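Enquirer: Here's a structure for you.
The values are calculated or read from the model by the stated rules, or taken from the named source; none is laboratory data. Since the model is a prediction, treat every value here as computed from it, not as a measurement. Neighbour counts are summed over all protein chains in view; Cβ atoms, including those assigned to glycine, are modelled from backbone coordinates with ideal geometry. Heavy atoms of the whole protein, side chains included, go into the accessibility calculation; ligands, DNA and RNA do not. Shrake-Rupley method; radii C 1.70, N 1.55, O 1.52, S 1.80 Å.
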Protein chains: 2
Amino acid sequence: MVTLKQLAKELNVSISTVSKALNNSEEIGEETVKRVKELAQLYNYTPNKVALSLKQNKTKTIGVIIPDILNHFLAKVLFGIEREATKRGYNIITCISNESLEKEKEALELLANGSVDGFVLCVAEETQIEGEVNHFKRTIAKGLPIVMFDRVAHDVLCDKVIVDDFDATYRATKSMQLKKRKNIAFISRINDLSVGKLRERGYNKAILEESNQEPLVLNLKKKDDSQQKIKAFFKKHKNIDGVISADSSSGIIAINTALNKGYKVPKDISVIGFASKSVSNHSIPRLSIIRQHANQIGANAADLLINRLEKKFDEEIEFKTKIVKTSLVLSKSTLK
Amino acid sequence: MVTLKQLAKELNVSISTVSKALNNSEEIGEETVKRVKELAQLYNYTPNKVALSLKQNKTKTIGVIIPDILNHFLAKVLFGIEREATKRGYNIITCISNESLEKEKEALELLANGSVDGFVLCVAEETQIEGEVNHFKRTIAKGLPIVMFDRVAHDVLCDKVIVDDFDATYRATKSMQLKKRKNIAFISRINDLSVGKLRERGYNKAILEESNQEPLVLNLKKKDDSQQKIKAFFKKHKNIDGVISADSSSGIIAINTALNKGYKVPKDISVIGFASKSVSNHSIPRLSIIRQHANQIGANAADLLINRLEKKFDEEIEFKTKIVKTSLVLSKSTLK
């Protein structure tokens, strides 16, 4: 890479002249500006933005750390962050923690040294299990604010955006009970995540409020053959007339398994799942879904961070927690 | 953030002593090293890695630019890049171009100024349509190598990793013809992408080699209701006995639509689609798939870049193009 110094030498002018010419300073004559710019272009000269950012202490860039890029919900949140950031004139750079505490720490350190102004992140599974929060606190102490979304560390004082997971399954279960469903099952492949546990508790609460049914839960492991397990579950519990699914695929598989066994959906079995609109298309009838508004979660998180960076809050001491409510979008897999 | 200078002042030693102490230099006494480190920790001092990288000209970080984070295939490639990079001691930071030429240029500039040593990227749709390549060439001219994967710019001299899209659908179609399928249709939601066009051509070639069938293609738009369109397509073409799907969802929808209309799968209609293993579970029988080995594509791309960064090639002038072959994984949606 060519430097200002080399350009100056070749043109036989001072470094400051080159710098001013590149910045269109009025102190420099038109002819010189033209000569400098032509040579700079010839040599592919670009001002070193990193060096600039060290001076100005502003990168206009947000660091995003997400635990799992194969998770469609997280990918959509990232999309929402990206869109909001762009609208406000910020770039984003993303690191993936792969659910590892170590990688999360590394990503924070990598980006905290001059590359970004602050962070939007979702806490890694391992970090949640170990209850480690010092790396977050250290980052904030360095002057880089953090906004956490979805999986948050309650011990860290920072802005947060969360989902009403508990309420979502509570309401979905209630809506089935209102339609006289008497044996509603809960199927989940995300029992190991905090949000999975919250969803199961919301279902449990609704079930236990009715005296005539015990909770009926099928927890699938990541390695399980979901089709086989759900088929066996239906065979064992013949009176199931409703299914709440906590993840993005077991609701679809439940419908297809029910149809395959000769049940009518929704007449014999109603199904509601957490899933995106595009996946809800993978069954006929379409899956009724609990929508999480991932885009909005991302947009809110970016908005909170940028407001803090631009000091739009009244008080430095105040932190915000936003709840993005899910909505129940009923399709033909549930009785109207 | 505290600086070396401030630490030196407080400890009443020279800046160079602080720097050497932090780097465990043998020139500095044990006691001093201890004092310096304690104070540095107290003030959360971290060496400014960006400044270091400017000096050493090595960041051990790879910039990844992907066009669409909601695309599961691209997310999986990113996962593969991340894993290989970690294994080799490199970090990755990712930018999303959102299929926009402008954003792709911005991402290259943002990261090229000291944050990364080189790039792994998949070309944005708009860039492909406009045929723009100068931003790639400029980046390479600055000394930052690029490896392109999946969607590549053939006019740019660099390392590449591509998929055998044409061969994949050609072979899948041939395999159905061998099972005496006479009316094989092609359904695609990605007709606007270069890989989508290649897949259609592979199908066309196989069909045109047999004299008894004309190509029968359904191109879906992103906004279309796929279930409705596929249902109407089956109604119009009653003799369809095979479907090749170019994207990750229309194969699943084709099976479910066929079952819904009372067809038997695979007896009446065989279906093969480009999809991941987890999505292949969304139909009963399971969808037979063309697997793209996204992980391997990512690992190969990272490997090529790191080898180039570490100058493991014999010649600087030589560029490599690796082809990662797809495999046909037959499940119960096709006759054995």
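Enquirer: Note down the accessible area of B:V217, probe 1.4 Å, to the nearest 10 Å².
Expert: Here the accessible area works out near 50 Å².
Enquirer: Along the range A:175-180, what does the Karplus equation 6.51 cos²θ - 1.76 cosθ + 1.60 (θ = phi - 60°) give for ³J(HN,Hα), rounded to whole Hz, x for Gly and Pro?
Expert: Along the range A:175-180, the couplings run 5, 6, 4, 4, 8, 6 Hz.
Enquirer: To continue, here is another question. Could you tell me the accessible area of A:K267 in Å² (1.4 Å probe, neighbours in place), rounded to the nearest ten?
Expert: Roll a 1.4 Å probe over it and A:K267 shows about 140 Å².
Enquirer: Then there is this: So, in nm, how far is label B:K34 from label B:K332 when the simple model puts each one 7 Å beyond its Cα toward the Cβ?
Expert: Rounded to a tenth, the inter-label distance reads 7.1 nm.
Enquirer: Give the residues of the range B:252-282 whose amide nitrogen is closer than 19 Å to a point set 7 Å from the Cα of B:D225 in the direction of its Cβ.
Expert: B:252-262
Enquirer: Relative contact order for chain A: what percent, with Cα pairs under 8 Å and sequence separation of 6 or more? Don't skip to the answer; put the middle values down first.
Expert: Details: 592 pairs, mean separation 56.8, N = 336.
Answer for chain A is 17 percent.
Enquirer: With no solvent and one equal point scatterer per Cα, compute the Debye intensity ratio I(q)/I(0) for the range A:4-47 at 0.23, 0.33 Å⁻¹ and report its log10, rounded to two decimals.
Expert: -0.67, -1.38
Enquirer: Can you list residues from other chains, or at least 5 along the same chain, whose modelled amide H is less than 5 Å from the amide H of A:T326?
Expert: A:D164
Enquirer: Hey, got a sec? Which trypsin sites (Lys or Arg not before Pro) in the range A:54-142 land in a DSSP loop and have at most 12 other Cβ atoms within 10 Å? Let's see the in-between values first.
Expert: Numbers: sites: A:K55, A:K58, A:K60, A:K76, A:R83, A:K87, A:R88, A:K103, A:K105, A:K137, A:R138, A:K142; in loops: A:K58, A:K60, A:R88, A:K142.
Those that pass, being in a loop and sparsely packed, are A:K58.
Enquirer: For the protein assembly as shown, just say rounded, prolate or oblate: build the C-alpha gyration tensor, square-root its eigenvalues into a ≥ b ≥ c, call rounded for a/c under 1.5, and beyond that prolate if a/b exceeds b/c, oblate if not. Provide the component values of the computation, followed by the final result.
Expert: On the way: a/c = 2.41, a/b = 1.44, b/c = 1.68.
Because a/c hits 1.5 or more and a/b fails to exceed b/c, the protein assembly as shown counts as oblate.
Enquirer: By its C-alpha gyration tensor, with a ≥ b ≥ c as the square roots of the eigenvalues, how is the range B:165-291 shaped: rounded for a/c under 1.5, else prolate for a/b larger than b/c, else oblate? Don't skip to the answer; put the middle values down first.
Expert: On the way: a/c = 1.28, a/b = 1.10, b/c = 1.16.
In terms of gyration-tensor shape, rounded.
Enquirer: Accessible area per residue of the protein assembly as shown at 1.4 Å probe, in Å²? Could you put the intermediate results ahead of the total?
Expert: Values: 31460 Å² over 672 residues.
Heavy-atom accessible area per residue stands at 47 Å².
Enquirer: Let me ask another. Could you pull out every one of the aspartates and glutamates with an alpha carbon less than 17 Å from that of A:K238, ignoring same-chain neighbours closer than 8 positions?
Expert: Here the aspartates and glutamates satisfying the reach criterion relative to A:K238 are A:E214, A:D268.
Enquirer: Okay, next question. Stretch B:S25-B:N239 to full length: gain in nm at 0.36 nm per residue minus the Cα-Cα span?
Expert: Values: separation 214, 0.36 × 214 = 77.04 nm, distance 7.99 nm.
This chain segment gains 69.1 nm when fully extended.
Enquirer: Okay, moving on. Taking only C-alpha pairs under 8 Å that are 6+ residues apart, what is the relative contact order of the range B:192-336 in percent? The partial results should precede the final answer.
Expert: Values: 166 pairs, mean separation 29.4, N = 145.
Dividing the mean separation by the residue count of the range B:192-336 yields 20 percent.
Enquirer: Please name the residues of the range A:80-117 whose accessible area, counted over protein heavy atoms with a 1.4 angstrom probe, falls by no less than 40 Å² between the chain alone and the full protein assembly.
Expert: Buried by the other chains: A:E82, A:N91, A:I93, A:T94, A:I96, A:N98, A:K103, A:L110, A:N113.
Enquirer: Quick one: of A:K231/A:K267; A:K325/B:K231; B:K87/B:K320; B:K205/B:K322; A:K223/B:K222, which pairs are farther than 26 Å apart, Cα to Cα?
Expert: Working: A:K231/A:K267 18 Å; A:K325/B:K231 35 Å; B:K87/B:K320 22 Å; B:K205/B:K322 24 Å; A:K223/B:K222 32 Å.
The pairs that break the limit, which is 26 Å between Cα atoms, are A:K325/B:K231; A:K223/B:K222.
Enquirer: Do any residues of the range A:274-315 show a loss of at least 20 square angstrom of accessible area between the isolated chain and the full protein assembly, using a 1.4 Å probe, and if so which?
Expert: SASA drop of 20 Å² or more in the range A:274-315: A:N281, A:H282, A:I284, A:R286.
Enquirer: Counting only protein heavy atoms and rolling a 1.4 Å probe, how much accessible area do A and B lose on contact, total for both sides, in Å² to 100? It would help to have the intermediate numbers written out before the result.
Expert: Working: alone 18130 and 18120 Å², together 31460 Å².
Protein heavy atoms only, the A-B interface buries about 4800 Å².
Enquirer: Suppose the Debye formula is applied to equal point scatterers at every Cα of the range B:222-336; what is log10 I(q)/I(0) at q = 0.15, 0.16, 0.24 Å⁻¹?
Expert: -0.69, -0.74, -1.29
Enquirer: Pop out the carbon and sulfur fraction of the accessible area of the protein assembly as shown as a percent, whole number, probe 1.4 Å. Please report the intermediate quantities before stating the final value.
Expert: Values: 15670 of 31460 Å².
Carbon and sulfur together cover 50 percent of it.
Enquirer: Just the number, please: Stokes-Einstein D of chain A in µm²/s, Kirkwood Rh from C-alpha pairs, 37 °C, 0.692 mPa s. Don't jump to the answer; show the numbers that get you there.
Expert: Values: Rh = 23.0 Å.
Reported coefficient: 143 µm²/s.
Enquirer: Go ahead and set up a Gaussian network model of chain A, Cα springs under 10 Å, then flag whichever of A:G262, A:G80, A:G242 fluctuates most.
Expert: Maximum among the listed residues: A:G262.
Enquirer: Let me ask something else. Averaging over every viewing direction, what projected area does the convex hull of the Cα atoms of the range A:179-222 cover, in nm²?
Expert: Details: hull surface 12.7 nm².
Here the figure is 3.2 nm², rounded to one decimal.
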